[in-house]
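The values are calculated or read from the model by the stated rules, or taken from the named source; none is laboratory data. Keep in mind the model is a prediction, meaning the values are calculated, not measured. All Cβ positions, glycine included, derive from the backbone under ideal geometry; neighbour counts span all protein chains shown.
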Amino acid sequence: MQYQRPNVLILYTDQQRLDTLRCMGNPLAVSPNLDQLAQEGVRFSNYYVQNPICMPSRMSFLTGRYCASLGIGTNGIPFPEDAAALHTLVKPYGYHTAQLGKLHFDPHSRRDHRNPTSDYGFDTFILSDEPGCYDDAYTKWVEMVAPEQLPHVRTALPPEAEGMGLPNYSDTPRNTHEPYLFAADEQLSHTAFVASETCRFLEGIGDRPFLAIAGFYAPHPPINPPPRFVELFDPQQFPLPVRGPDEAPVPELAGFGAEEYRQMIAYYHALAAHVDDQIGRILQTLEQSGLSGRTLVIFTSDHGEFLGDHGRIQKGMPGFDCVTNVPLIMRFPGRLPQNRLIDSLVEGVDIVPTILEFCGVQIPEFVQGKSLKSLLEGQVQEHKESALIEFFQPFGRDRSATLKTARFTYHCAADGREALFDRDVDRHEIKDVAADPTYQEALGELRKLLIQRLQQAAFSARFKTAEY
């Protein structure tokens with residue numbers, strides 16, 4: 001019997017909220033291409049990442065392992081040499097593997113991006129972890145196609161890179177709360193660079209099965225959308241961020257009024273709309289290359305963005321929905337249903353085993369996630385009782401964890417302080433009911449469940465080779 005393993009294309013953004021997609025219920029969002037992808041496939045309303053920080057979330061997502069198992073709970077720690085990521089698991093089956101754009105397996109604030117880094121075993125490896133602040137693949141691409149516009153795509157070095165002796169090409173800000181317009185032509189943005197390299201890859205891959213990751217940096221700050229996308233939004237239509245009475249704004253938001261908040265939110269949505277526009281280019285190229293019918297397409301993000309909610313910007317613990325409940329869309333023509341919404345709880349670690357099962361590859365024992373294939377095909381209606389979110393510094397310092405169930409958010413901080421939110425009546429997670437007597441039974445059950453989840457997550461990935 002002749003057969004061909006399916007292709008896999010992962011469209012992976014950074015710091016993208018669920019409410020940036022119209023297909024997820026926000027009528028103000030502008031996301032026609034991702035809405036169409038959802039119309040042709042399956043979208044999830046309760047998909048949670050394992051960490052609200054870039055590096056540990058990405059490593060967990062691409063290995064199918066929890067942060068505790070990897071021993072990585074925060075940024076700044078290189079990808080473990082003995083961990084197996086998705087692309088290494090499919091390569092023996094004839095897959096050409098490609099990483100295009102942001103990967104963030106290696107700390108990038110304290111290295112010189114002019115120097116090559118590990119390719120982590122990818123066959124095609126075009127790396128650019130940040131837009132405009134280094135001499136990397138992105139800025140060299142701009143220099144090649146439009147050298148006169150190179151100064152307009154530059155941004156300042158991250159503060160953490162100061163003192164490295166790297167050239168600082170710009171004083172353009174990089175923060176969520178300082179939105180501005182992208183100064184170069186829109187086809188020269190980092191988002192357009194990732195899309196261009198992905199399209200070039202798809203046009204040249206031929207008939208060999210592939211696994212490709214298009215790693216977009218946006219809508220991570222700097223929030224600098226091209227002007228055309230800003231014009232799609234009226235800031236006055238956006239609701240103001242939600243903040244509890246005891247949640248004081250962070251210093252960056254001090255003095256912010258309604259106008260400043262709404263401009264920040266509108267520019268963020270405009271940047272997400274630009275990502276959607278460029279994803280449309282990729283999906284069109286996939287179709288024109290005759291690859292759509294045998295390609296599993298997955299769109300998701302590594303975590304969300306506070307965007308003023310809870311008085312904060314960017315990301316971090318506790319694992320509120322705005323930073324951990326992110327988009328997930330999957331399309332596989334002829335294999336998955338169309339226009340289906342799944343409300344069951346699913347986790348980032350579930351993606352690797354799902355892909356492996358669709359590709360006809362055995363799921364290794366060390367993969368901790370649970371394949372979504374039966375859920376996607378309608379054989380089962382429920383998937384998991386809870387989702388686990390972790391954060392910790394090296395050697396277990398500052399460890400905290402959040403547990404999500406269909407109804408509750410339970411958080412236990414490093415100092416033992418607890419918080420409980422009933423999302424059935426408080427969808428913005430504003431009112432902490434941990435001390436409410438009527439919730440004590442639920443609180444006890446969630447404590448026990450969190451202990452069980454942490455025990456399961458923290459297993460050693462070492463194989464036992466003998467009795468003693």
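So which of Ala414, Ala435, Ala419, Ala461 ends up being surrounded by 13 or more Cβ atoms within 10 Å (Cβ to Cβ), modelled with pLDDT of 95 or more and not in a helix (DSSP H, G or I)?
Ala419
Could you please find all residues in the stretch 25-37 being farther than 12 Å from Thr300 by Cβ and of a type outside the set (S, T, N, Q)?
If the condition is that a residue be farther than 12 Å from Thr300 by Cβ and of a type outside the set (S, T, N, Q), then Gly25, Pro27, Leu28, Ala29, Val30, Pro32, Asp35 are the ones that fit.
For the stretch 108-119, state whether one or more residues are of a type in the set (Asp, Glu) and either in contact with a helix residue (DSSP H, G or I) (Cβ under 9 Å, 6 or more places away or on another chain) or under 24 Å from Lys315 (Cβ atoms) (or both).
The answer is no; no qualifying residue exists.
Being touching a Phe, Trp or Tyr at 6+ places or on another chain (Cβ under 9 Å), in a helix (DSSP H, G or I) and in contact (Cβ under 8 Å) with a residue 40 or more places away in the chain is the filter here, so list the residues in the stretch 354-397 that pass it.
Phe358, Leu376
Among Thr13, Thr88, Thr74, Thr117, which is of a type in the set (Val, Ile, Thr), modelled with pLDDT of 95 or more and either in contact with a Pro (Cβ under 6 Å, 6 or more places away or on another chain) or surrounded by fewer than 22 Cβ atoms within 10 Å (Cβ to Cβ) (or both)?
When all the criteria are applied, what remains is Thr88.
Only one of (1) of a type outside the set (Lys, Arg); (2) in contact with a strand residue (DSSP E or B) (Cβ under 9 Å, 6 or more places away or on another chain); (3) surrounded by fewer than 24 Cβ atoms within 10 Å (Cβ to Cβ) fails for Gly25. Which number is that?
Tallying (1) of a type outside the set (Lys, Arg); (2) in contact with a strand residue (DSSP E or B) (Cβ under 9 Å, 6 or more places away or on another chain); (3) surrounded by fewer than 24 Cβ atoms within 10 Å (Cβ to Cβ), Gly25 fails exactly one: (2).
All but one of (1) within 29 Å of Phe306 (Cα to Cα); (2) aliphatic (A, V, I, L, M); (3) in contact with a strand residue (DSSP E or B) (Cβ under 7 Å, 6 or more places away or on another chain); (4) modelled with pLDDT of 95 or more hold for Ile430; which doesn't?
So the condition that Ile430 fails would be (3).
Touching a strand residue (DSSP E or B) at 6+ places or on another chain (Cβ under 9 Å) and buried (at least 20 other Cβ atoms within 10 Å of the Cβ): which single residue out of Leu286, Leu341 fits that description?
Just a single option satisfies the conditions, and that option is Leu286.
Scan the stretch 25-44 and report the pairs whose first residue is assigned to a helix (DSSP H, G or I) and whose second residue is surrounded by fewer than 22 Cβ atoms within 10 Å (Cβ to Cβ), with Cβ atoms within less than 6 Å and a gap of 6+ or a chain change.
Filtered contacts from the stretch 25-44: Asn33/Gly280; Asp35/Arg22; Asp35/Cys23; Ala38/Cys23; Gln39/Asn339.
Can you tell me which of Phe201, Phe216 is under 29 Å from Met55 (Cα atoms) and out of contact with any helix residue (DSSP H, G or I) (no Cβ under 8 Å at 6 or more places or on another chain)?
It is Phe201.
So if I check each of Ser386, Ser400, which one is buried (at least 17 other Cβ atoms within 10 Å of the Cβ), closer than 25 Å to Pro245 by Cβ and either of a type in the set (S, T, N, Q) or touching a Gly at 6+ places or on another chain (Cβ under 9 Å) (or both)?
Only one candidate passes the filter, namely Ser400.
Taking the options Tyr12, Tyr66, name whichever one is out of contact with any His (no Cβ under 9 Å at 6 or more places or on another chain), aromatic (Phe, Trp, Tyr) and more than 16 Å from Pro327 (Cα to Cα).
Checking each option against the conditions leaves just Tyr66.
I'd like to check something: does the stretch 247-264 contain any residue that is more than 30 Å from Gly204 (Cα to Cα), in contact with a Ser or Thr (Cβ under 9 Å, 6 or more places away or on another chain), touching a residue at least 60 places away in the same chain (Cβ under 8 Å) and not aliphatic (A, V, I, L, M)?
Yes, there is a match, as at least one residue in the stretch 247-264 is more than 30 Å from Gly204 (Cα to Cα), in contact with a Ser or Thr (Cβ under 9 Å, 6 or more places away or on another chain), touching a residue at least 60 places away in the same chain (Cβ under 8 Å) and not aliphatic (A, V, I, L, M).
For the stretch 158-180, which residues satisfy the criterion of being over 25 Å from Pro249 (Cβ atoms), modelled with pLDDT under 85 and buried (at least 16 other Cβ atoms within 10 Å of the Cβ)?
Selection gives Ala161, Leu166.
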